[in-house]
Amino acid sequence: MIKRDDMTFPPEEYERRIAELRERIAQRHLDAVVISDPENIMYLTDYQTTGYSFFQALVVPLEKEPFMITRALEESNVIARTWVDLTRPYPDTGDAMQMLVDALREFGLANKRIGYERNSYFFPAYHQDVIHTTLKDGKLLDCFGIVEEGRICKSDVEIELMKKAAGFGAICLNYCEMEDFVYNYKGKITAVNCKDHNTGKTFEVEGRTFVSATGPWVDKLRKKDESMNNKHLHLTKGVHLVFPKEKLPVHQSLYFDVPDGRMIFAIPRGRVTYVGTTDTNYSGSLDRVVATKADIKYLLDAVNGTFPDINLTEEDIESSWAGLRPLIHEDEKDTSELSRKDETFISKSGLISIAGGKLTGCRKMAQRVNETVSKRLKEKFGKTYDESRTQHIALTSHAMRNTQEVEDYQNYLEQELDFMQIDNAAFKAWYLVSTYGKQTDIIKNKINSHTNIIKF
């Protein structure tokens, strides 16, 4: 693995992702996996390309160095932007599947147990047929979701990023609604009218450039700006259910198939288990997105079909939540087939809108928007800005170095909370540490002040 300092995350983050993937490879008794979904490739390597029509794959062996199958014209992109050191390119007129087969043979994997993303939109059936008929000595097994198992375990990066941005001078406003754009005589946006819903006051925010990163509301602002074009959002809804752990006692995250071909996950977290998610077209209110009876029945049937001895009912549901995916509409494509790739729209008024994408690529999306803003400011005002350096900025100032340090701090906190006569101290210590890290000290000190307990 090449040690680089110019990727979205530091090298240690990608090493962690590969190491955790290999743990899941071992758990499934595989020798290697072939990852073909672009989002998963980016998650593991930071590689992104617009050439999705050409086959590409990252092969991750259980022990040896990973390697990339890529089109020859994009090999330089792999070398320039990722930690991947081994590439096997094929020409546009060549056979990508044959290159994959040859590479598997070259690295001693042709007679091994190989996992592949069977449901990947970017690894179609006719490609899979070639592999199945060519690698006769090996065994090909579906491992769809093996990378997502790592991706779905999120940290509180978004909150930490905002806190860090505030430390660098950003003004972060909550419960503040943008109501209207303000234009100059040339039709360019110069300010926005805002309303603070905490105080009821309205005010104007001026700026040189305006970015709309509003998710499902992107089109609403584009209509207000009168800048809609042939591109528009296609909203889909995802629902999760929460069960008490004793009702669904899984001990590790898992995926399972449902009759309609989708994959559902069950994730244990503390005293509960999360189950999700759905993926249905949505055209209702953006301000109230909820789990419906149909959503609940779908997920209950999925769980009970997989775990027939559980027999969960609506009464077992502790809570639920629902959210929207702001995807880019594509004619004649099913919801599951829509690309999760983000796109940027720039209107005549200067409004920059970012839409599509997924949470796992949020920092890369932000980087591209920043690059767009910098370019426009240079064109308008002749001002040049340094390249983004966020990958070199630690998001939290109290990072813990290893698992042992986390466990020691959690044990210490449990003793402190128990001394403070806090109920269920063990669970609350885990929850606080897993959510806030060592910044839990701030919360603990506030508890001290409110309960008039002298520092121990």
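Overview of results
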{"read-out": "Residues being assigned to a loop (DSSP other than H, G, I, E, B) and either within 22 Å of Gly356 (Cβ to Cβ) or touching a residue at least 12 places away in the same chain (Cβ under 8 Å) (or both) - total across the range 184-216", "value": "9"}
{"read-out": "Residues satisfying the stated conditions in the range 182-198, i.e. of a type in the set (Gly, Ala, Ser) and in contact with a strand residue (DSSP E or B) (Cβ under 7 Å, 6 or more places away or on another chain)", "value": "Ala191"}
{"read-out": "Some residue of the range 45-57 being in a strand (DSSP E or B), outside the structural domain of Tyr255 (by TED's automatic domain parsing) and crowded, with 22+ Cβ neighbours inside 10 Å", "value": "yes"}
{"read-out": "Within the range 57-71, tally of residues that are within 18 Å of Ile146 (Cβ to Cβ) and in contact with an Asp or Glu (Cβ under 7 Å, 6 or more places away or on another chain)", "value": "2"}
{"read-out": "Boolean, Ile25 is modelled with pLDDT of 90 or more, under 17 Å from Tyr116 (Cβ atoms), assigned to a helix (DSSP H, G or I) and out of contact with any Gly (no Cβ under 8 Å at 6 or more places or on another chain)", "value": "no"}
{"read-out": "Identity of the residue in the range 382-406, of a type in the set (S, T, N, Q) and surrounded by 13 or more Cβ atoms within 10 Å (Cβ to Cβ), that ends up modelled with the lowest pLDDT", "value": "Thr396"}
{"read-out": "Residue count, the range 321-373 (criterion: at pLDDT below 75 and either surrounded by fewer than 15 Cβ atoms within 10 Å (Cβ to Cβ) or in a helix (DSSP H, G or I) (or both))", "value": "10"}
{"read-out": "Single match in Asp85, Asp95 (criterion: among the acidic types (Asp, Glu) and either in contact (Cβ under 8 Å) with a residue 60 or more places away in the chain or crowded, with 21+ Cβ neighbours inside 10 Å (or both))", "value": "Asp85"}
{"read-out": "Odd one out for Lys231 among (1) at pLDDT 90 or above; (2) assigned to a loop (DSSP other than H, G, I, E, B); (3) surrounded by 13 or more Cβ atoms within 10 Å (Cβ to Cβ); (4) not aliphatic (A, V, I, L, M)", "value": "(1)"}
{"read-out": "Filtered residues of the range 1-22 (kept if among the acidic types (Asp, Glu), over 18 Å from Gln252 (Cα atoms) and in a helix (DSSP H, G or I))", "value": "Glu12, Glu13, Glu15"}
{"read-out": "Residue in the range 217-226 that is among the aliphatic types (A, V, I, L, M) and either part of a strand (DSSP E or B) or in contact with a Cys (Cβ under 9 Å, 6 or more places away or on another chain) (or both) present", "value": "no"}
{"read-out": "Meets criteria (modelled with pLDDT of 90 or more, more than 29 Å from Lys341 (Cα to Cα), exposed (fewer than 14 other Cβ atoms within 10 Å of the Cβ) and not assigned by TED's automatic domain parsing to the domain that holds Glu23) for Glu204", "value": "yes"}
{"read-out": "Residue tally, condition assigned to a helix (DSSP H, G or I) and small (Gly, Ala, Ser), over the range 276-320", "value": "3"}
{"read-out": "Count of the range 421-456 residues which are aromatic (Phe, Trp, Tyr) and modelled with pLDDT under 70", "value": "1"}
{"read-out": "Leading residue by the ranking (farthest from the chain's Cα centre (by Cα)) among those in the range 407-420 that are at pLDDT 85 or above and surrounded by fewer than 16 Cβ atoms within 10 Å (Cβ to Cβ)", "value": "Phe419"}
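The values are calculated or read from the model by the stated rules, or taken from the named source; none is laboratory data. Bear in mind that the values here come from a model prediction, so they are computed numbers and not experimental data. Positions of Cβ are backbone-derived with ideal geometry, glycine not excepted, and every protein chain shown enters the neighbour counts.
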